[in-house]
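This report concerns only the one structure given below.
The values are calculated or read from the model by the stated rules, or taken from the named source; none is laboratory data. Please read these numbers as outputs of a predicted model, since none were measured by experiment. Please note: Cβ atoms are built from the backbone with ideal geometry, for glycine as well, and neighbour counts cover all protein chains shown.
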Amino acid sequence: MNRFLKDKEHLVRMAALFAVGVVLFLILKAVLVPKGFGVYGHYRAGALADNRVRAPRFAGRSACIECHTDERDAWKGGKHAGVGCEACHGALAKHAEDPSASNAFKPDPKTICFTCHLTNAAKPRKFPQIDPKNHFDGGACNGCHSPHAPDKEPKK
Amino acid sequence: MEEGLLHAVQGFMYPNEVELQWSILIVLYPFTTGLVAGAFILASLERVFNVQAVKPTYRLALLSALAFLLVAPLPLQLHLGHPERSLEMYLTPHTSSAMAMFGFIYLWYLMGVLVLEIWLDYRKDMVLLARSETGWKKTLYRVLTLGVDNISEESLRIDDKLGRFITIVGIPSAFLLHGYVGFIFGSVKANPWWSTPVMPIVFLFSAIVSGIALVLLMYMLVCFLKGISIDMPCVDTIARYLMYAFLIDFSLEMLDLIHRIYEADESFKSLDFMAHTQLYTSQIIVQIIFGTIVPISMLAFIQVVKLSEAARKGIYVLAGLLTLMGIFAMRWNVVIGGQLFSKSFLGYTTYKMAFATKEGLLPAILLMILPFGILWVLVKVLPPFEEEKAAV
């Protein structure tokens, strides 16, 4: 080996070590990065299929009103017509498939309404808001108001 | 949303804002990378700008940078969880997002700059140690020298030339590393606490400040532990640089603050309220008063009043510790502060730090102790001081 190259031998070895490092990195990348990564974007394409096979937890209100016709009639055209059944009653896909399998969640009528209707300055003025200090005697809201048709006459 | 967390909310928060997603571990990430970038930039002063006075700390600064750089990604991995796939952050870097650039930036800085520079600088020592040591230590140094025993004048000249070139490339790399971390925050346009083009440069200067303070403290500590006398012109110079860097950093932060106050955009009232309430202690007291104004004043005092060596050492230790505390508080106020207010500007949440959990205080403490352990090993294997070299 000539003198010039001899004094650079350590650098040649370091460069070789780096090259090995780069190859190792590429091997690790090939092994560890899941198949299908980057097909549609910077994520694993298979994740879409994984999500699709998961059973839906929500049935959707069209499924609910197939059986619950009284609630449907009360609710239709009312101010809560835009609120999904499962927004208050919880995810009910299992119940829709087999009505005997699980019962709908019955929310606490003393607190559930405040989820949306508690007074808050950030809400639009027109939105009905309740300040519990002025309009709440500790009883259930559905004692006076019908949750499925709140804009119709209060219950007496 | 967890019901229990609602007690911590004041006013109106959107549901996804109630619980903080970025914990103390994400505070550690910019803190540790900042120490790396700062320590490296201090080392570069000697190498590129030929500041002889700071030479005694050159190697210690590089080793400190390496110790902290090895630990820097760990808080991110702990935060990500999923050990089976969190490694992918190095393997699938991408230019479409600042965060996804991490793999490129980290590996480049670690392998392309820091490890190579340390190796070239220590090669002569490692060869000499491989010759003089016996047993497993000899094997270790043989492996570290890659089996090359040549320390001819010409080979060392080539090393020096290449090392200088790497340092020159390393300075913009160090700027990139930490400017990049600042950019991650500064580019979040949805968050007015973070979104400012000054953020990368504020992060960079605070990184330089924290790195210089770290090296100053580590140098004094290592000298104390090894019973070596402290080179006073060296620490005096470092302290002076610390003050200069700190003045620039503080000016930039104040410029940002004044700009925000004068501009007083729609977010101002909300952020101002936060700085006067929840962030008052960590921002005004810890960061600005005790973490910035006090250490700058102490360092400035030394410039105008002649003090004894012992007094100066004491002041340097105290100023260094306060500086590190102040920079940590700055990271805390950015990361945690930016998540405490609602985008509606009508409400605030609270950060409840856990203790012995994946993202709690305990792993954060352990992660901050770890680099000192690594540094201890590095200093044992690669002695940083001239005196020790002479004894070989």
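Any idea which of B:L28, B:L20, B:L62, B:L78 is in contact with a helix residue (DSSP H, G or I) (Cβ under 6 Å, 6 or more places away or on another chain), closer than 26 Å to B:L367 by Cα and outside any helix (DSSP H, G or I)?
Unique residue meeting the criteria: B:L20.
Within the range A:114-125, track down each residue that is among the β-branched types (V, I, T) and not in a helix (DSSP H, G or I).
Result: A:T119, single match.
Name the residues in the range B:141-155 that are among the hydrophobic types (A, V, I, L, M, F, W, C) and more than 9 Å from chain A (Cβ to nearest Cβ), would you?
B:V143, B:L144, B:I151
Restricting to the range A:66-113, what's the tally of residues that are touching a residue at least 40 places away in the same chain (Cβ under 8 Å) and assigned to a loop (DSSP other than H, G, I, E, B)?
Result for the range A:66-113: 3.
So A:H10 passes all but one of these: (1) touching a Lys or Arg at 6+ places or on another chain (Cβ under 8 Å); (2) closer than 30 Å to B:N150 by Cβ; (3) more than 9 Å from chain B (Cβ to nearest Cβ). Which condition number does it fail?
Only one criterion in (1) touching a Lys or Arg at 6+ places or on another chain (Cβ under 8 Å); (2) closer than 30 Å to B:N150 by Cβ; (3) more than 9 Å from chain B (Cβ to nearest Cβ) is unmet by A:H10, namely (3).
Of all residues in the range A:19-50, count the ones that are closer than 30 Å to B:K124 by Cα and either surrounded by 14 or more Cβ atoms within 10 Å (Cβ to Cβ) or charged (D, E, K, R) (or both).
1
With the requirement that a residue be at pLDDT below 95 and exposed (fewer than 14 other Cβ atoms within 10 Å of the Cβ), what does the range B:276-303 give you?
Passing the criteria: B:H276, B:T277, B:Q303.
Kindly check whether there is at least one residue in the range B:94-103 that is at pLDDT below 85, surrounded by 15 or more Cβ atoms within 10 Å (Cβ to Cβ) and of a type in the set (F, W, Y).
Looking for residues that are at pLDDT below 85, surrounded by 15 or more Cβ atoms within 10 Å (Cβ to Cβ) and of a type in the set (F, W, Y), one finds at least one in the range B:94-103, hence yes.
For residues that are buried (at least 20 other Cβ atoms within 10 Å of the Cβ) and either within 16 Å of B:F268 (Cβ to Cβ) or of a type in the set (S, T, Y) (or both), tally how many sit in the range B:189-218.
Total meeting the criteria: 3.
For B:L62, state whether it is under 17 Å from B:V379 (Cβ atoms), touching a residue at least 40 places away in the same chain (Cβ under 8 Å) and either within 13 Å of chain A (Cβ to nearest Cβ) or within 17 Å of the chain's Cα centre (by Cα) (or both).
Taking the combined requirement at face value, the residue satisfies it.
Out of curiosity, is B:R123 within 11 Å of chain A (Cβ to nearest Cβ) and either among the aromatic types (F, W, Y) or surrounded by fewer than 18 Cβ atoms within 10 Å (Cβ to Cβ) (or both)?
Judged against the criteria, B:R123 is not a match.
From B:F183, B:F250, which residue is in contact with a Pro (Cβ under 8 Å, 6 or more places away or on another chain) and within 23 Å of B:W332 (Cα to Cα)?
Every option except B:F183 fails the conditions.
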